[in-house]
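Engineer: Submitted below is the structure of interest, expressed as structure tokens.
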Amino acid sequence: MLDSRHAASNLSKAFTATRLLLKGRPDYVIYKASPRLFQIALAMLGYAADERYSRMQKTFYEGLATLSPESVVGFFDAHEEFPYEDFLLRNAPRDGITTKLALDFGCGMGRMIKRMSPYFQRVDGVDIAKPNIEAAKKYTDSLPRRPLFYVNNGRDLSDIPSAAYQFVYSTIAMQHIPVHSIRMNLFREFHRILGEGQIAIQMVYSASSERARIRQKDFGDRFRNITFSEWEDDFYEAKSTNGANDVIITDRTVPKAISDIARLGFRDVEVAFSEPPHETIYDKWIYIYGRKRS
Ligand SMILES: C[S@@+](CC[C@H](N)C(=O)[O-])C[C@H]1O[C@@H](n2cnc3c(N)ncnc32)[C@H](O)[C@@H]1O
């Protein structure tokens, strides 16, 4: 029985690898075969630690999105049922933002662009993975105000002009970047691309790392392969992303997160919490708000 399950799993892996090779993604096949060797190869090619991390993320997301952009989202239906608008627009009166331009960071296949579009003049999207952006173009093609899309390198938003937006938001993306220096650079970029405006960035919260570990144990096998780091860590060596190596904000690091973001020039930086939309080892979803004033 065990042998036949093993054989079926190997067959399915071989089938997926063949599909990816046929779709021109040998990088993903190599990465999945050995994330460690993938990183060593990048180091030998002269990539710095932050570039290696972003290359891993890009390879992961482009490979997965080539297979299925919906599967990149994970718990898709739970996220669709969750009232993200209430939290993202908490500090933005809905009748006062219809003339504003918004950017969805880590937009994936455009799920939240579709939902946030009715509130803004237009919502654009940026994502590290080109196949996600291709899926997002299709998913949002019925919107009256067609979004602009950008593919970034995972570390900056260099193709986006300064002061282009009045609102930047993100759902289930920033928690997947456990490298403090990269996250700080992205927050710095959010500040640059805002004219006068605000950010609403969702991440994950646990009272403490210890508490998340206890919950992880309580779940048994279900979330066994997850590791996570804390706000100030630079986990460049993370082998995977999209939930496998998240960053959590804890009671200890909420003040540090707020002061880091305020130091970039944001005013009125504050956080709010909600229940998570689905089963998880983390206590809450946390939302980080801040304003840029001219
Ligand atoms: C779980 S999906 C969420 C997609 C979308 N925000 C949603 O709520 O449906 C995470 C997304 O973040 C993107 N992402 C992760 N790290 C990124 C980075 N460093 N720069 C840009 N996009 C990133 C991924 O490509 C992926 O589309």
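The values are calculated or read from the model by the stated rules, or taken from the named source; none is laboratory data. What you see is a predicted model, and the numbers here were worked out from it, not measured in a lab. With ideal geometry, Cβ positions are generated from the backbone for all residues, glycine too; neighbour counts draw on all protein chains shown.
Engineer: Is there a residue being free of Cβ contacts under 8 Å to residues at least 60 places away in the same chain and within 10 Å of the ligand (Cβ to nearest atom) anywhere in segment 89-106?
Structural biologist: Within segment 89-106, not a single residue is free of Cβ contacts under 8 Å to residues at least 60 places away in the same chain and within 10 Å of the ligand (Cβ to nearest atom).
Engineer: Among the residues of segment 201-230, write down those that are surrounded by fewer than 19 Cβ atoms within 10 Å (Cβ to Cβ), part of a loop (DSSP other than H, G, I, E, B) and either at pLDDT 95 or above or among the hydrophobic types (A, V, I, L, M, F, W, C) (or both).
Structural biologist: ALA207, SER208, PHE219, PHE223, ILE226
Engineer: Show me the helices (runs of 4 or more DSSP H) found entirely inside segment 1-67 where at least 3 residues are at negative phi and hydroxyl-bearing (Ser, Thr, Tyr).
Structural biologist: It comes to 2-22, 49-67.
Engineer: Here is a follow-up. Quick check, is GLU85 near the ligand (Cβ under 10 Å from one of its atoms) and outside any loop (DSSP other than H, G, I, E, B)?
Structural biologist: Against the criterion (near the ligand (Cβ under 10 Å from one of its atoms) and outside any loop (DSSP other than H, G, I, E, B)), GLU85 does not qualify.
Engineer: Identify all residues within segment 149-196 that are surrounded by fewer than 21 Cβ atoms within 10 Å (Cβ to Cβ), acidic (Asp, Glu) and outside any loop (DSSP other than H, G, I, E, B); write none if there are none.
Structural biologist: Answer for segment 149-196, where residues must be surrounded by fewer than 21 Cβ atoms within 10 Å (Cβ to Cβ), acidic (Asp, Glu) and outside any loop (DSSP other than H, G, I, E, B): just GLU196.
Engineer: Continuing with this model, one more query. Considering (1) out of contact with any Gly (no Cβ under 6 Å at 6 or more places or on another chain); (2) assigned to a helix (DSSP H, G or I), say which one ARG146 fails and leave the rest.
Structural biologist: Tallying (1) out of contact with any Gly (no Cβ under 6 Å at 6 or more places or on another chain); (2) assigned to a helix (DSSP H, G or I), ARG146 fails exactly one: (2).
Engineer: Next question. Give the number of residues within segment 256-270 that are at negative phi, outside any strand (DSSP E or B) and touching a helix residue (DSSP H, G or I) at 6+ places or on another chain (Cβ under 6 Å).
Structural biologist: Count: 2.
Residue by residue, here is whether (1) polar (S, T, N, Q); (2) within 9 Å of the ligand (Cβ to nearest atom); (3) not assigned by TED's automatic domain parsing to the domain that holds GLY243 holds:
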{"position": "PRO118", "(1), (2), (3)": "no, no, no"}
{"position": "VAL123", "(1), (2), (3)": "no, no, no"}
{"position": "ASN132", "(1), (2), (3)": "yes, yes, no"}
{"position": "LYS138", "(1), (2), (3)": "no, no, no"}
{"position": "ILE160", "(1), (2), (3)": "no, no, no"}
{"position": "ASN185", "(1), (2), (3)": "yes, no, no"}
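Engineer: Could I ask something else about it? From the list ASN153, ASN185, exactly one residue is within 23 Å of LEU64 (Cβ to Cβ) and either over 18 Å from the mean Cα position of the chain (by Cα) or at pLDDT 95 or above (or both). Which is it?
Structural biologist: Selected residue: ASN153, the only one of ASN153, ASN185 that is within 23 Å of LEU64 (Cβ to Cβ) and either over 18 Å from the mean Cα position of the chain (by Cα) or at pLDDT 95 or above (or both).
Engineer: Determine which single condition PHE273 fails, assuming it passes every other condition in (1) part of a helix (DSSP H, G or I); (2) surrounded by fewer than 17 Cβ atoms within 10 Å (Cβ to Cβ); (3) hydrophobic (A, V, I, L, M, F, W, C).
Structural biologist: (1)
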